[in-house]
Each structure stands twice: as structure tokens, then as C-alpha cells.
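Just so you know, all these numbers are worked out from the coordinates, no wet-lab data involved. For clarity, every value in this text was computed on a predicted model and none was experimentally measured. Cβ coordinates were reconstructed from backbone atoms using ideal geometry, including for glycine residues, and neighbour counts include every protein chain displayed.
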Ligand SMILES: [Zn+2]
């Protein structure tokens, strides 16, 4: 006992930059700019004793109630027998910003390592090293389990984080959760439920979400205490099936657990001797203030830490995507589109589906592109534009007698890479085929090599993936998952997909990655670690795109949220600007044949595009986004606001859809009450100079004469 006590005392260091915060021995703390988590050894085991916002000055703001820091599995199956596992805490390892707790079981011989982290170095291309330790954001938790026996071990995965949380005021806080955009925007979007005793909710998120009643939730939650104005949020950094379980006990405590989807204890995973099970990394953060005060910290953390560094540093870009003309794209049409892009000030030309020979045969279509897609890349680059390409690279096609450079379930060598056998009369759709299981090592190596070729041959600046990337159903053995266990299949396939992209990015650090997957069906914090931006949905119209943005911009930073805009809403130039601006809240991709625009529309587009790049982009890239009007419904006015970090300047986007009212007061947020702000409305819907207090209490009155019109209202601190 004495020996253990001495070791603990020697190791008792505060790991955060704020080394004085907890000076007592036997405690370890991790800290970001807004979240602190503290561990202590109690009765021989590490326990979370504090979880609070750095803005909280006193203990009553502590959310933690003391709980084991790890959710250890209490039994495993070996040779068909259930074996109880008795874990023993072995010790702590630490380095700057990271603490690892190790647990071991003697019989069966297992090891579990649980790691908490609050700092990491981010290396950008160009070797800019940035510490995000001083940034706000959550603390991360990851864990793995190693099978040290000589036999195969089967277990039901436990959660990565399980925490009881104590609301500050003792009242019922709210639980916020949001439906995924998943193909087409949901009717409801954001749910704010009262966390009354007995409340229970499981938020499931899968790798290919459905638009129907089984629609998933974003792998994110927020528990917000209105009375005490503070809260806790968390999320899962994984793209296989995951869950967040929120349960209010009969007392005030709310139990939150995050990790792999447990399917009510029915899912299993299998570990060969020596094999390691990596549990999904999860995060948890605390904040003072409103829900958006927490999400702003999360946004900065995703931008700086989670998302891959942005090649060239500029985000979001202005893009034209050839899908405005569907599958018709060919060399002549592509050149016209590129000329239009250059004339209108667009920064990237993106070829969508329609360029390839066949599904699975990812080479230029010989008749559409007789000189090869590489010539289109050259032409794009000659106009000083970036070149992007759509590839459904996990999709195998139905080509008969396929060669080795084609992905197909009809290739005898590749047959076992697919989830099941395909009948001889099976045919792929125009741009969708059979999904290869990324749990299969041979399949992912083939895909990685084909991607390497395409990136080089077609001189890509951006790679967009589409269609299903991560299977949930696969009956094969030898893919690193239990056959037909949908959670385990998705776990192995997600890890395989990550391995392909992590390697491809390592070899091509200047390549941008876009996640489409049929419009926001794969939309989580695991893919956000691989893709620079995510297409929110396959909604191409102004109103659903604004709803998509309204919902997604709570958990995800605006610059990652891509809108594909195509559908016109009316005939006037004001209607045209309304359409464009609906896609300019985040990453803007124009998905329409721009050659069909009238001279007036082209002039309007040039002006809007210049505003997007010069004035809106800095706010979208790193500003705080505020939901200042209710969720768009097509009847009432809607709008979003940005403010810079200091609250010195910002922009209000306002939209008058079909409302009969021609004026709307908007209460602004995030400003300095004492400073004066000059209003500059692009289309003249408001004017004047006001104090921050006036704008945040009485609001700014905006007037728009026409239905389906809009404005971009900038405000700057007046001299
Ligand atoms: Zn498989």
C-alpha cells in the first residue's frame, strides 16, 4: 500500500497548462480553454471527480458526481463459455495534455487502456505548428482492449464514455438533439426535450442514414441547464453504428453514455489472440452561457483539431459542380463550364458523375472525353481554377469478364470482397453499384491503389466520394468482423475506410476531400476527421438548404457544411439573389448550368460571388454563428448571423420567404453592448448606427419589399 501511495504521489501532476488549478496530490486534470476534467484515485480506482467549464468559478458548477473513468466489460466469451472479468487498475501514464489509465485482468488475460486528451499538435501543410491547447473545445476520450489470451475472445462492446451528470440548478435541464440531414432535410430537425425523471433516449447514428421514420440523429447531444445558464455537450468520432444514451434517473442524475451502438446488448465483436479492439473516440465539453456558447467552442476545436488541415488555408471555396447538367458532361460541355467559372469568379470546377467508362471502371469515358479527363484538368488549371472529381470508389459494376483494373463482384478474384454473391443477371445503376466491404484488406488495398492512380492521372485538387462507403451488412468471413452482425460489420468497414483515406491524405497532403454519400447520409465526427467538407443533403432548393444549415450548424462548423444549389425560386433578380444566398451560409457549390443565366443574373452572380469570397468567407471560416430567427419554414422570415471572435463586426443574412410582412426585427447576438456599430446592408434593407446594446435588446429592423428576397447586412464597429 505504501509503495502504491508513493507512486501515486509522484505522478500527481496537473497535466494542463494551468498547473496551479488543482494543487492537491492524487489528482490529475486536463484542460482546454473552456473545459476542465479532473480525475482522482478513490478506493484504488481512478474516478472522475470534476467536470466543469473554466468560466465556472465555484464547485456548484461541477457536473461530475464521481464515477469510474472507464466503462470496463464485465464478461467475455471464450470457447462458448462466459468468463467473468475482474479488472485491476495498474497505473497511469501521462504526457503533455494526455493521461492514460491501464487496467488488467489476469484470467482471462486482457488489458484495457483508457486515454483522455486535451492537447495535440496540429501540423499544417507548410509546417505551421499550432497548439490548440489554448483553444476552447472538449476533452477527448479513447480506449482499447487487447486480447492477451491464446484463444479467440468474443465480447459485447461497452461504451467509450459513461458519465452520470448532475444538473446545476437541481431543476430539469433540457436535452438537445438533432436529426441528421440524411438525403433530404427532416421536418423537425432540432429536438429540445425536458430531461424529467424517467426520460430515456437512445440517439443512433449509422454510416448510411435513411430519410424515412428511421432517420438517425447526429452523434451529438447537449444537456443545457437554463436556470444556471450552463451545460455539457458530447459527441462520437466514429462512422460505424454508434449510440448516445441519455437517461434521467429517478434522482436528479442524468446518465450519458457514448460509443458503439450496443443494440440492447445483442451486438458482438471478436478478437483473435493478440488483437486489439479500438473503441470509438468520444468527446465531452462544458460551457457557461447558452447552447451556442458551447457549440462555438466545439466549432473552433473541429476546425483546428479534428478536421484535416485545409490545403492552402483558404476555406470555404466557391465551386461549380457539373451535376447541374447531370450525366451529360463531356469534353465540350466541361470546357464551356470552365470558361463560365473563370468569368464568374468561381474557384473550383468539379466534375460529378458521368465522366467514367462504367461503374467500377473508373477511367475516362472514351467517347465523352476522347483526350482523357487529364486534359480537362489541364484546361481547368490553365484558368487558375482547382479541379475536383466525383468517384464512387467503393462501387463495383456489372461488367462481364472484367479486367484486373475494374472493380466488380463478377471478377472471380474480387468476388469475396463484396457482402454477398451477386446473381448473373444483376446490373449496376447509372452511377451506383455493389459496395465492396472495406473490412476486407484486399478490397481496400485495391481501392487505395485505384485512388492513387486517379489522384495522379487526373491531377486532382479535390476528391469527392459518393454512394455507400461503409457497409452494415456483410455475410463474409475473413473481413475482420463477425458475419451479419451489422454493428461489427460497420465497425470494421469504417476502420477500413479510414485506413484508405488516412493513407491517401498522408501521400497527398494538398488534396481536398469532400464527403457526399447521397447527400449527408454519412455525417458524423469520424468522417469530419477525414473530409474537409460534407454535403448536407441532396436538397437543391433554397428553403430546405437553409433548414439543413440551421440544424447542422449546431454540431458542425459552418465552413464544413456544403450546400448544392440548383433550383430557381422565381424570375426576378431579387429571387435569384435569394437562391444564391441560401447556399452561401457555409460552403457554396453551384450545381446548375450557369450558361443558361440571363445577363442580369450573371451580373448579380458576379457581385454575390465577390461578396462571398471577400466579405462572407472570413466569418464562415472562423466566426461565431447565431441562430437569430426561428428555423426556416417558408412562411416566416428566417436568418442567421455571424460575429467575429471579438464581436467587433459581423453579418446578418435575412430571408423573407412567403411572409406577408415586409419588415422584421432581428435581435443580434455576440456584440459588445458598449460599442457602436455602423450598418451596411448590401440591398439597403436597413441602415443607421446603433450601440451593441440596442442591437442585442431592441434589435435591428429590416425591410424587404419583395417575397422570396433577402439581404446581407454587415455591421462594423463605428469609429
Ligand atoms: Zn465484410
Ordering 249-262, 76-89 by per-residue average of other C-beta atoms within 10 angstrom, highest first, gives 249-262, 76-89
How large are Rg and Dmax for the stretch 176-335 when only the alpha carbon atoms are used, in Å? 19.9, 69
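Would you please put 142-150, 699-707, 397-405 in order of how densely packed they are, using the mean number of other Cβ atoms within 10 angstrom per residue and starting with the highest?
Values: 142-150: 19.2, 699-707: 17.4, 397-405: 14.6.
With the highest mean Cβ count within 10 Å placed first, the list reads 142-150, 699-707, 397-405.
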Kirkwood-based Rg to Rh ratio, the stretch 372-514, C-alpha trace: 1.00
When 1/r is averaged over all different Cα pairs and the result inverted, which Kirkwood radius in Å belongs to the stretch 127-226? 17.5
Cα extents of the stretch 469-583 per principal axis, largest first, Å, are 60, 33, 23
Mean Cβ neighbour count within 10 Å, used as a protection proxy, ranking 276-287, 604-615 highest first: 276-287, 604-615
State the Cα centre-to-centre distance between the stretch 569-594 and the stretch 162-188 in whole Å. 32
Taking Cα centroids, how far is the stretch 325-359 from the stretch 468-512 in Å? 30
So what is log10(I(q)/I(0)) for the stretch 381-436 at q = 0.27, 0.31 1/Å, when the Debye sum runs over its Cα atoms only? -1.12, -1.40
Over the chain, with a single point scatterer placed on each C-alpha, what log10 of the ratio I(q)/I(0) does the Debye formula yield at q = 0.05, 0.08, 0.09, 0.10 1/Å? -0.25, -0.66, -0.83, -1.02
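Viscosity 1.002 mPa s, temperature 20 °C: give me the Stokes-Einstein translational D for the stretch 272-339 in µm²/s, with Rh taken as the Kirkwood radius over C-alpha pairs. Let's see the in-between values first.
Working: Rh = 17.3 Å.
After rounding, the answer is 124 µm²/s.
Rounded to two decimals, what is Rg over Rh for the stretch 626-717 when you use alpha-carbon atoms and the Kirkwood radius? Before the final figure, lay out the partial values.
Values: Rg = 12.3 Å, Rh = 12.9 Å.
Checking Rg against Rh, the ratio lands at 0.95.
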The stretch 465-520 - Debye-derived log10 I(q)/I(0), Cα point model, q = 0.21, 0.24 Å⁻¹: -0.83, -0.94
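How large is the Rg to Rh ratio of the stretch 318-624 when both quantities use alpha carbon positions and Rh follows Kirkwood? Don't skip to the answer; put the middle values down first.
Numbers: Rg = 19.6 Å, Rh = 20.1 Å.
Ratio of gyration radius to Kirkwood radius for the stretch 318-624: 0.98.
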Heads up, the stretch 2-306 by the C-alpha gyration tensor (a ≥ b ≥ c square roots of eigenvalues; a/c under 1.5 rounded, else a/b over b/c prolate, else oblate) looks rounded
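Before anything else, pin down the relative contact order of the chain: Cα pairs under 8 Å, at least 6 apart, normalised by residue count, whole percent.
10
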